[in-house]
Amino acid sequence: MLWDLGTAGTQSLGLQDGRAVVLAYFADEGGLEDRLRDALRPLRVEITPAEIPEVDWVARVREGFRPFTAGSFRIVPAWEASAPASASDRVIVVEPGLAFGTGTHESTRLCLAALERRASAGPLGRVLDVGAGSGILSVAAARLGAERVIAIELDEEALPVARRHAELNQSAAIVLVRGDGARPLRPAAFDVVLANISAPLLIERANELASRRRKGGCLVLSGLLTEDVPAVRAAYAELGAIDVRTEGAWAALAVGPA
């Protein structure tokens, strides 16, 4: 309900005096508390304004970020990389920051694994990364031998991060584009279409994403919870075999040849 009401993020603070407490962030706007009280009245919850501490979230993330393995890839923070990553190795250098995607999230790892399976079956060819975020999946595709990777992202704050990751990883095959989904790109132009976004968008943009795939190509879809799999699967059911993989509460679908 909080997400439906427009929260920018939530944090569970556990039990306090026997009550479950959730911290929810909203843009400061007039009448917010009254609107929330009206909407949440059936839940009989107490709504209290909370002080928001000044936190350097980027620094906080970096404090706890350590190298780790995702599939055959080694994800290494830039400050621990001894040298620029070679375009031929399986090291991905990252600068954790504001853009989504450093390989720690289950959906990102599921996409990395799907890319590796696809690459083991044959050349990746031309790859489209829709909602590229920080560009980690684009870098991985380049590492796995993609001929060309188009990384498209609408968020103007994410594009500089993706550009930085392409530079850190010497990924010359990546072309960055600011755009809304796959709309700016011509149909049937890609051998692999990646979309690590969200279940509602995957369903809404099913025709758009599918039409960018060449005959015999593959769609890799993630950013959805396991409970969303039936609905997303139904939206792509006519496009070929669907391989579903899960990790924890998250899922990814590979549509088309394995």
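Rule-based calculations on the coordinates, nothing more; no lab input. Computed from a prediction, not measured in an experiment: that's the story for all the values here. When we count neighbours, we look across all protein chains shown, and the Cβ atoms used for this are built from the backbone with ideal geometry, even at glycine.
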Net dipole in debye of segment 1-53 [+1 Lys, Arg Cβ; -1 Asp, Glu Cβ; about Cα centre; nearest 20]: 240 debye
Please determine, in degrees from 0 to 90 and to the nearest 10, the orientation of helix 158-168 with respect to the longest principal axis defined by the Cα atoms of the chain, where the helix direction is its Cα long axis. 40 degrees
So what's the convex hull volume per residue for the Cα atoms of segment 39-193, in Å³? 165 Å³
Surrounding net charge for Ala252, when Lys and Arg each add one and Asp and Glu each subtract one, Cβ distance under 15 Å: -2
Please give the peptides 37-47, 107-117 ranked by average Cβ packing (other Cβ atoms within 10 Å per residue), highest first, as a rough proxy for protection. 107-117, 37-47
If you take the square roots of the eigenvalues of the alpha-carbon gyration tensor of segment 134-192 and sort them as a ≥ b ≥ c, do you get rounded (a/c under 1.5), prolate (a/b over b/c) or oblate? oblate
Can you list the residues, at least 5 places off or on another chain, whose amide H is less than 5 Å from the amide H of Trp250, using H built in the peptide plane? Thr226
Can you pull the Kirkwood radius for segment 1-53, inverse mean 1/r over Cα pairs, to one decimal in Å? 12.0 Å
If I take R0 = 45 Å and measure r between the Cβ atoms of Thr7 and Val91 in this structure, what FRET efficiency does the formula 1/(1 + (r/R0)^6) give, to the nearest 0.05? 0.80
What does the net charge come to around Asp155 if you take all other residues with beta carbon closer than 15 Å to its beta carbon, with K and R at +1 and D and E at -1? -2
Once label points are set 7 Å from the Cα along Cα→Cβ at both Ala231 and Ala172, what is their separation, rounded to one decimal in nm? 4.5 nm
Test item: Cα-centred dipole of the chain, Lys/Arg +1 and Asp/Glu -1 on Cβ, debye: 1260 debye
By how many degrees, between 0 and 90 and to the nearest 10, does the Cα long axis of helix 106-121 differ from the longest principal axis of the chain? 10 degrees
In percent, what relative contact order does the chain have, based on Cα pairs under 8 Å that are 6 or more apart in sequence? 14 percent
